[in-house]
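Written out below as structure tokens is the structure these notes cover.
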Amino acid sequence: MLGSIVLFGPPGAGKGTQATRIVELTGKPQVSTGDMLRAAVVAGTELGVEAKGYMDAGELVPDQVIIGLIKERLKEPDATSGVLFDGFPRTIPQAEALASITDVSAVISIEVPDEDIVGRIVGRRMDPETGDIYHISFKPPPPEIEDRLVQRKDDTEETVRNRLDAYHEQTEPLGSWYRSRGLLTPVDGSGTIAEVGDAVASAVIGL
Ligand code: AMP
């Protein structure tokens, strides 16, 4: 039986957007550490207070914090047949911890060149009422909701550079780590949202 799936790729690759498609296809719940951390920041919990400084600076939150969060999440009843991880794991210690607590069946890697990433992230906007994600050029919002859209605090050009550095230094090596374990399925992430969605869907169907 198909266990958990990891959606892997740089910030702005479209992991959150494509996760919806995989959830529809597999019925597995999406587990996004970024979304969980943002909810903790808004709720003002101890975790949120600790994570906020790292997130605002575009740095990774320490492994032990993230691993603890995931261990708790995987105890929920909807996680028993595996989940779709989005934005986790981001370091080799996180991947090692994950391997010891759950079965990872596949890692879908959305590959996007660096030069495309900044434009994708800086143009990203969120609808706070629905959580829907838009892009001012690639996925324009309906005009009637434009005024209420917000930009993530870490989606500015300056922070994106730090997030990309963190990605290259700490997260990218995980690609080879998973490849050497026969789990990595690369997908070309440079097309339109629909094109990438089709490529992701074929990868998932082929698992
Ligand atoms: P994301 O929404 O996945 O881009 O995550 C936003 C921010 O949350 C990242 O820049 C990190 O500061 C933090 N974060 C999310 N997931 C992780 C993770 N797996 N490990 C460390 N930090 C994370």
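Tabulated data for the structure shown
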item: Any pair with Cβ under 6 angstrom, 6 or more apart, that starts in the stretch 163-175 at a residue that is farther than 13 Å from Gln94 by Cβ and within 11 Å of the ligand (Cβ to nearest atom) and ends at one that is part of a helix (DSSP H, G or I) and open to solvent by 20 Å² or more (accessible area, probe 1.4 Å); result: none
item: Exclusive hit being away from the ligand (no atom under 13 Å from the Cβ), polar (S, T, N, Q), touching a residue at least 40 places away in the same chain (Cβ under 8 Å) and touching a Leu at 6+ places or on another chain (Cβ under 9 Å), set Thr26, Thr33; result: Thr26
item: Test set (1) open to solvent by 30 Å² or more (accessible area, probe 1.4 Å); (2) more than 26 Å from Pro113 (Cβ to Cβ); (3) not acidic (Asp, Glu) - Gly48 fails condition number; result: (1)
item: Which listed residue is within 13 Å of the ligand (Cβ to nearest atom), in contact (Cβ under 8 Å) with a residue 40 or more places away in the chain, touching a Leu at 6+ places or on another chain (Cβ under 7 Å) and not in a helix (DSSP H, G or I), from Leu7, Leu2; result: Leu7
item: Helices (runs of 4 or more DSSP H) contained entirely in the stretch 81-200, each with at least 2 residues that are open to solvent by 30 Å² or more (accessible area, probe 1.4 Å) and modelled with pLDDT under 95; result: 114-122, 157-166
item: Residue in the stretch 34-43 that is open to solvent by less than 50 Å² (accessible area, probe 1.4 Å), farther than 21 Å from Arg120 by Cα and either of a type in the set (Phe, Trp, Tyr) or part of a loop (DSSP other than H, G, I, E, B) (or both) present; result: no
item: Single residue of the stretch 65-116 satisfying the filter (among the hydroxyl-bearing types (Ser, Thr, Tyr) and without any contact (Cβ under 8 Å) to a residue 12 or more places away in the chain) that is farthest from the ligand (Cβ to nearest atom); result: Thr80
item: Subset of the stretch 186-204 [of a type outside the set (Gly, Ala, Ser), over 18 Å from Pro11 (Cα atoms) and touching a helix residue (DSSP H, G or I) at 6+ places or on another chain (Cβ under 7 Å)]; result: Val204
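The values are calculated or read from the model by the stated rules, or taken from the named source; none is laboratory data. If you're wondering where the values come from, they're calculated on a predicted model, not measured in any experiment. Please note: Cβ atoms are built from the backbone with ideal geometry, for glycine as well, and neighbour counts cover all protein chains shown. Calculation scope for accessible area: heavy atoms of the full protein, side chains included, ligands and nucleic acids excluded. Shrake-Rupley method; radii C 1.70, N 1.55, O 1.52, S 1.80 Å.
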